[in-house]
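The values are calculated or read from the model by the stated rules, or taken from the named source; none is laboratory data. Bear in mind that the values here come from a model prediction, so they are computed numbers and not experimental data. Note: ideal-geometry Cβ built from the backbone for every residue, glycine included; neighbour counts use all protein chains shown. Side chains included, ligands, DNA and RNA excluded: accessible areas come from the protein's heavy atoms. Shrake-Rupley method; radii C 1.70, N 1.55, O 1.52, S 1.80 Å.
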Amino acid sequence: MEQSPLERLINDISKLPGLGRRSAQRIALFLLKNKDRNLSPLIDSLKLSYDKIIECDDCGNIDMQ
């Protein structure tokens, strides 16, 4: 059976270092309660980071494209 979008969000957040399931639930609910103020800017920041920040092939540090 496929996970609900909320369950998927909680599971993905709980994969971050130092975050367990309960913390992930709190974060997910916080983000979803005010999507325009909390979730949308985070999505934009993650998208920008995904597009512009790379890992250096030589040294492994992060760098900007």
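Per residue, the accessible area of the chain comes to 88 Å² when a 1.4 Å probe rolls over the protein heavy atoms. Under 19 Å of direct C-alpha separation, and excluding same-chain neighbours fewer than eight residues apart, residue 33 reaches these aspartates and glutamates: 7, 12, 44. In this simple spin-label approximation, residue 35 and residue 8 carry label points 7 Å from Cα along the Cα→Cβ vector, and these lie 1.4 nm apart.
When only Cα pairs below 8 angstrom with a gap of at least 6 residues are kept, the chain shows a relative contact order of 16 percent.
How big is Rg to Rh over the chain, alpha-carbon atoms, Rh as the Kirkwood inverse-mean-distance radius?
Details: Rg = 14.7 Å, Rh = 13.6 Å.
In the chain, Rg relative to Rh is 1.08.
Taking the Cα centre of the chain as origin and charging only Cβ (+1 Lys, Arg; -1 Asp, Glu), how large is the dipole, in debye to the nearest 20? Roughly 620 debye for the chain.
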